[in-house]
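J.: Structure incoming, see below.
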Amino acid sequence: MNYRTLSNDRRRRRKARFITFLVTASLLASFAYASGLLDQLPEIFELFQDAEVNDAPVANA
């Protein structure tokens, strides 16, 4: 195989990986939506917002 066919093969594989990722992500998102898992997202974000932030210095200089 020469450089051009190897380059095209790499490009084709990269596109195939990206398309596979898109299909997998869309299937997971549609399953989460259909099963009602997305209804719990606001509660999860509220848990992160209620986290206590400590403004004290980390170490003494």
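J.: Would you mind checking the tilt of helix 3-35 against the longest principal axis of the Cα atoms of the chain, expressed as 0 to 90 degrees and rounded to 10?
T.: 40
J.: Name the residue from LEU27, LEU47, TYR3 whose Cα lies farthest towards the positive end of the charge dipole of region 3-49, charges +1 on Cβ of Lys and Arg and -1 on Cβ of Asp and Glu.
T.: TYR3
J.: To continue, here is another question. Do the sum for the chain: with -39,500 (n - 2.57) for every DSSP H run of n ≥ 4, divided by all residues, what is the mean residue ellipticity at 222 nm, to the nearest 500 deg cm²/dmol?
T.: Calculated from helices alone, the mean residue ellipticity at 222 nm is -24000 deg cm²/dmol.
J.: Any idea what the dipole of the chain comes to, in debye rounded to 20, about its Cα centre with Lys/Arg Cβ at +1 and Asp/Glu Cβ at -1? Show your work: numbers first, answer last.
T.: Working: 8 positive and 7 negative charges, 274 e Å.
The dipole magnitude comes to about 1320 debye.
J.: Moving on to the next point. Taking all pairs of different Cα atoms in the chain, averaging 1/r and flipping that mean, what Kirkwood radius in angstroms comes out?
T.: Answer for the chain: a Kirkwood hydrodynamic radius of 16.4 Å.
J.: Simple spin-label model, 7 Å along Cα-to-Cβ: ARG10 to ASN54 in nm?
T.: In this crude label model, ARG10 to ASN54 measures out at 4.7 nm.
FYI, it's all coordinate maths here, none of it is from the lab. Every value quoted in this text rests on a predicted model; they were computed, and no experiment measured them. Cβ: placed from backbone, ideal geometry, glycine included. Neighbour counts: every protein chain shown.
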